[in-house]
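Undergrad: Take this structure first; my questions come after.
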Amino acid sequence: MDDDLGLDSPLLSGDARDEIEALAAIYAPHFVRAPHATASSDLAYLITVPMPDSWPAHLHPRLRLTFPGAYPLHAPVAVHFDACPLWSGDMRSHATSELATMWAATNGGCAALDEGGIVFARAGKGSAGLHPNCHHGIVLFDWIEWLREYVASELGPMVDAMLAAQQNSAASDDVASAAKAEAMARVVEKVAETGRPDLPDLTVAPTPTIGRLYSHSDPIIDRKSVFLAHSAYISSPTDPAALTAYLTSHRRIARATHNITAYRLEMPNGIMHQDCDDDGEDAAGKRLLHLLQLVGARNVWVCVTRWYGGIQLGPDRFAHINNAARAALVSMGVVEGAETSQEARRKAAAAAAAGGGRR
């Protein structure tokens, strides 16, 4: 322990060694020797001042205490506030001043701060220049315990408010998660009973510019996950966002795990504007857009909603997403009902060949 704390250093007085050893025992394991110290430099130590257990660890102040060779009789410990979140400049000044005052009082002197914020004092009269009844400047334990009370009184209300806000947020998240789980359970239960989710009629007049929203009649169910697709013809770059907003304005769909979208819109100049959104299901949006490209869909928007059933499906989920989307495209006449993905690819290849390889 002596080696870890550097107590064999010739720079330390006997009183300083005793105090450092006591502090290490009282505040272990939060009192350690600072790294990068050299044999010829003043010894420095890091202490994390213990605050109430309810406080987050990063709000426990961490201080750097440097013991000069003249400590404790002729120079005090210098304190540096290494990590003290939420502290104001006034708090730092008051804590430093209090340490200087306590040290000087034991030596019968008066304390002040130099330009660097380091405390110093002028010894009073008495034997060897010190007060006759002094405690040789050994005040760190008393100061640290004072500091704990001071920080608690200054920051306690703020920390309590932060903790209360975190608890309220966590409670809100729990309620939201429970509500989402309940909603998904109702969707799965309704599908099991009737073959369709218990959803309102979403197909009539979804937006002022779009008169119909298509959907496929048979949701895909696999290991309690439910997949349902909707699609529509679009004519404006603002239509995809409007359709997504319309669909997710319904609570059951908004609470779904994913609402994956893709669209292709041919502009008046012949340029194809297209985009997709994974909504948290990695790469699903690109696969959905690729399906639209394969079937040659134009001016079409599609959304696949997934309610997660608690069991991971692996790659199967992508097949279900594409199959649900394709069924919605069949319902709107974009794809023929009997056409398979391979047939769609063959059609696309044939179309490309008929075009003479034009890009």
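Undergrad: What is the diffusion coefficient of the stretch 211-339 in µm²/s, taking the Kirkwood radius over Cα pairs and the Stokes-Einstein relation at 25 °C with a viscosity of 0.890 mPa s?
TA: D = 169 µm²/s.
Undergrad: Right, something else. In debye, nearest 20: dipole of the stretch 211-339 around its Cα centre with unit charges on the Cβ of K, R (+) and D, E (-)? Intermediate values should be presented prior to the final figure.
TA: Values: 13 positive and 13 negative charges, 71 e Å.
The dipole magnitude comes to about 340 debye.
Undergrad: Follow-up. Roll a 1.4 Å probe over the protein heavy atoms and report the accessible area of K224 in Å², nearest 10.
TA: 120
Undergrad: While we're here: Which whole-number percent gives the relative contact order of the stretch 211-339, counting Cα pairs below 8 Å spaced six or more residues apart?
TA: On the way: 234 pairs, mean separation 44.4, N = 129.
Once normalised by length, the contact order is 34 percent.
Undergrad: Spin-label point model (7 Å from Cα, Cβ direction): what's the D316 to S13 distance in nm?
TA: Distance between label points: 7.8 nm.
Undergrad: Also: According to a simple spin-label model (label point 7 Å from Cα along Cα-to-Cβ), what is the distance in nm between S235 and A152?
TA: Rounded to a tenth, the inter-label distance reads 7.2 nm.
Undergrad: Hey, another quick one. Modelling each spin label as a point 7 Å along the Cα-to-Cβ direction, I'd like the A165/A283 distance in nm, to one decimal.
TA: So the two model labels end up 4.0 nm from each other.
Undergrad: Further question on the same structure: Between S88 and R64, what length comes free when the chain is fully extended (0.36 nm per residue of separation minus the Cα-Cα distance, one decimal in nm)? It would help to have the intermediate numbers written out before the result.
TA: Numbers: separation 24, 0.36 × 24 = 8.64 nm, distance 1.76 nm.
This chain segment gains 6.9 nm when fully extended.
The values are calculated or read from the model by the stated rules, or taken from the named source; none is laboratory data. All figures in this text were calculated on a predicted structure; none of them were measured in a lab. Reconstructed Cβ throughout: ideal geometry from the backbone, glycine too, with neighbour counts over all protein chains shown. These accessible areas exclude ligands, DNA and RNA; they are computed on the full protein's heavy atoms, side chains included. Shrake-Rupley method; radii C 1.70, N 1.55, O 1.52, S 1.80 Å.
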